[in-house]
Each structure stands twice: as structure tokens, then as C-alpha cells.
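Undergrad: One structure follows; several queries about it will come next.
The values are calculated or read from the model by the stated rules, or taken from the named source; none is laboratory data. Quick caveat, the model's predicted, so the values are computed rather than measured. For neighbour counting, all protein chains shown are included, and Cβ atoms are generated from backbone atoms with ideal geometry for every residue, glycine included. We work out accessible area using only protein heavy atoms, side chains counted, and drop any ligands, DNA or RNA first. Shrake-Rupley method; radii C 1.70, N 1.55, O 1.52, S 1.80 Å.
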Amino acid sequence: MTRPALLFDLDGTLIESDPLHAQVYVEMFAARGVDIDEAFYFSEIHGKQNTEVFKKHLPGEDPYQLHLDKEAAFREILDDIVDPMPGLVTLLNRAETEGWGVACVTNAPRLNADAMLKAIGLAARFPTVVIGEECVRGKPDPAPYTAAMEQLGTLPGHAIAFEDSAAGLYSAAASGAFTIGVRSSLDHDTLIDLGAHATIKDFNDTALPAFLERLEGATT
């Protein structure tokens, strides 16, 4: 039996975390005499691996140590309680009622993923959390989404993935899941160009119910 499933990216999809990430990057670069702004974050950093960013823009320093420092700084400024993306709780309630599988699929380090899910009060709602760096390859490779589907016992034709970044969209679409772009940082046309099959503003979007119909009666 194949169980339908909803697969969620974390940053920018379950939680509006990009402004916090941008803040940390701006402060780290400034401490090294490099001025960047939020626009630079979205054009050059958003959706990319930290080590890749640091290798390119801060050569001469240990990119992995900078990665660790950056994520520790992010966790320090993450509020103890923040709001999840609008409409998310209602969608998770429906998934539970329908018997759909649910997973979080992220390139964030596990410490960050745990902290963010706790901050939005939904850690218990995501027993399946797939971390990119714990897979054979992280996003943009499809491996994290493929791993999530395997863990949930679902197939690509029975899964819907929600993503907001280029790497995430490449990963989700390549896994075969129906991929919905979340317009938290990129616009509709950009998300579609990056591989999304459709887009929503958030989980209250009136377009979402029609997409969820793909899962109704999908169990085989």
C-alpha cells in the first residue's frame, strides 16, 4: 500500500527564517570588512550550502568552521516561539485526518532543524525529518526527497513537495514529486522557471485545495 504524503522544506517554507539568516550573514561579512545586504543574500546566498558560499566569498578561511559559526549565531537569535507559515497547522491537521504521511526535508543542520521546529511548536508533528547532509547528497540532488518518500512508504506520484529555493525546487522536482513553490522569497515566474509545477503564497492560499485533490483517493 502506498500512502500519500506531504513533503516540506523548512527555511522559508515552514517558517519565515530568511530575514534571520540574512542578518547573520550581513554581520559575519561586516566583521571581515565586506559589506553585503539582504538583496545580496537572496541573489548570492539563498538556497546554497554555507560552505559553498564561504568558499566563494570569504576565501582564505575555513569554510566548514564558518558554517558552524554561522549556524550557531542563527540559533542564538532564533526566537523561542515564532509563528509557523500561515495555514500550516490547518494543513497538518488535514493530513492527519486523511492519513497522509508528513516529512520535513531540509539542507539545514539537524541542530537548526530541531531548533526551528521547536520554535514554531511543531516538532511533534514532524517525526520524519530528513537532513540533506545526512543523505548521500543534499539538495539540489533529489536524494533527500527520495529518502523521505522511502521512509514514509510513498511513491513520487503520491507525493506533494513544498519548496521556496532554487536548490530545493531542483531536488523536489527531480525526485518526481508534484512540486509547489512557496512565494516567501521568490515570485511565481521565478519559481516556475526553477521547476515548480505551481506556486502558493502560503498554506492559506485558495489555490492549494485543488492541488491537494491529487492525493485524494491516491492510496493503492
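Undergrad: Whether any residue in the stretch 7-24 is open to solvent by 20 Å² or more (accessible area, probe 1.4 Å), in contact (Cβ under 8 Å) with a residue 60 or more places away in the chain, of a type outside the set (Val, Ile, Thr) and not in a helix (DSSP H, G or I) is what I want to check.
TA: Yes: the stretch 7-24 contains one or more residues that are open to solvent by 20 Å² or more (accessible area, probe 1.4 Å), in contact (Cβ under 8 Å) with a residue 60 or more places away in the chain, of a type outside the set (Val, Ile, Thr) and not in a helix (DSSP H, G or I).
Undergrad: Being open to solvent by less than 50 Å² (accessible area, probe 1.4 Å) and either at pLDDT below 95 or not in a helix (DSSP H, G or I) (or both) is the filter here; which residues of the stretch 133-147 pass it?
TA: Cys135, Gly138, Lys139, Asp141, Pro142
Undergrad: Follow-up question, since we're still on this one. Could you tell me whether any residue of the stretch 120-128 is open to solvent by less than 30 Å² (accessible area, probe 1.4 Å), on the phi < 0 side of the Ramachandran plot and part of a helix (DSSP H, G or I)?
TA: No: zero hits.
Undergrad: Now, a different point. Considering only residues that are open to solvent by less than 30 Å² (accessible area, probe 1.4 Å) and in contact (Cβ under 8 Å) with a residue 40 or more places away in the chain, which ones fall in the stretch 172-200?
TA: Ala172, Ala177, Val182, listed by residue number.
Undergrad: Taking only pairs six or more apart or across chains, which ones have beta-carbon atoms under 7 Å, a first residue in the stretch 60-72 that is more than 15 Å from Leu111 (Cα to Cα), and a second residue that is of a type in the set (Lys, Arg)?
TA: Pairs that qualify, where the first residue is more than 15 Å from Leu111 (Cα to Cα) and the partner is of a type in the set (Lys, Arg), are Pro63/Lys55.
Undergrad: Considering only the stretch 148-171, state which residues are assigned to a loop (DSSP other than H, G, I, E, B) and crowded, with 19+ Cβ neighbours inside 10 Å.
TA: Correct list: Thr154, Asp164, Ser165.
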